[in-house]
Amino acid sequence: MARNLLLGRGGAGRRRGGGLRSHRLVILSGFAAGLLALSLVHAFLVLRRSPEFFSPIRTAAFMAATFVAILAELKPTRLPFGSQVFEVTLSSAISLPVLILGGWPFALLLMLFATATSDLHLGKPWYKVLYNVANYSFSIWLAGNLYALATGGSAFANALPTSLYAALSAGVCFALSNTLLVVLPIATVQSLPYAPVFRSYFRAVAPFFAGVTSLSVAVAALWQLHPLATALLIPALLT
């Protein structure tokens with residue numbers, strides 16, 4: 001996944017004045033809190049109506065996937081973009097298969113825990129942690145609801161080949177939502193035109209998201225054959 005470090009390199013925000021920067025950060029933080037609340041409330045309502053989600057096997061798998069996602073979040077690749085710095089991680093290669101196979105509420109909670117844990121461990125300010133968590137949670141929420149709508153709530157194996165197209169569409173939805181929210185702080189804090197910044201950034205990260213999305217769908221497909229078969233994709237993920 002991609003995330004913006006919110007003036008990680010500074011400069012423009014400081015030149016425009018600390019008061020203006022603080023005001024815009026407050027607005028962005030409130031916006032992020034709203035997106036996070038919407039996503040979490042819906043996730044808890046879905047989980048409450050589906051007690052079978054909390055089986056021992058699902059719980060163990062969720063804990064293992066969360067641990068791997070935390071490790072992925074702790075090893076980001078940083079990309080310079082003007083006066084900003086962006087990070088991309090492989091955590092979406094874990095959350096998207098979980099979304100497809102286990103349901104979007106599990107994928108949402110997985111990314112919430114993984115993102116918050118890694119960002120706090122790395123010592124990021126509260127507003128960066130909040131915005132990154134909200135970005136990932138809301139993007140998973142959108143992608144998950146699109147996938148559920150396209151498949152009619154059926155399991156991946158029972159809805160083939162529709163589930164394959166639905167999974168790819170969910171990956172595209174996640175990438176677009178994530179990118180839209182990553183670019184928003186730049187355009188807001190630095191008073192830049194949104195559309196040109198979005199186009200430039202999306203061109204930079206589109207190959208990454210395309211590769212991760214296709215590999216995530218392949219993970220879900222191979223999992224139906226045998227869970228160990230997904231190990232065949234580890235070299236591709238690392239590459």
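The values are calculated or read from the model by the stated rules, or taken from the named source; none is laboratory data. On a predicted model such as this, the values are computed, not experimentally measured, just so you know. To get the accessible areas, we keep the full protein, side chains included, count just its heavy atoms, and leave off ligands, DNA and RNA. Shrake-Rupley method; radii C 1.70, N 1.55, O 1.52, S 1.80 Å.
Some observations on this one:
- Rg and Dmax [Cα atoms of region 101-183; Å; Rg one decimal, Dmax integer]: 14.2, 44
- For the chain, the per residue solvent-accessible surface stands at 47 Å², with DNA, RNA and ligands left out and a 1.4 Å probe.
- Share of carbon and sulfur in the accessible heavy-atom surface of region 182-231 [1.4 Å probe, %]: 73 percent
- For the chain, the Kirkwood radius over C-alpha pairs fed into Stokes-Einstein at 10 °C and 1.306 mPa s yields D = 87 µm² per second.
- Of the DSSP H helices in the chain, those whose Cα atoms cover at least 18 Å axially and whose Kyte score averages 0.0 or more: 18-49, 56-73, 104-121, 126-151, 162-189, 194-225
- When HIS121, HIS23 are compared by accessible area of protein heavy atoms, the largest-first order is HIS121, HIS23, using a 1.4 Å probe.
- For the residues ILE100, ILE27, a 1.4 Å probe over the protein chains yields an accessible-area ranking, largest first, of ILE27, ILE100.
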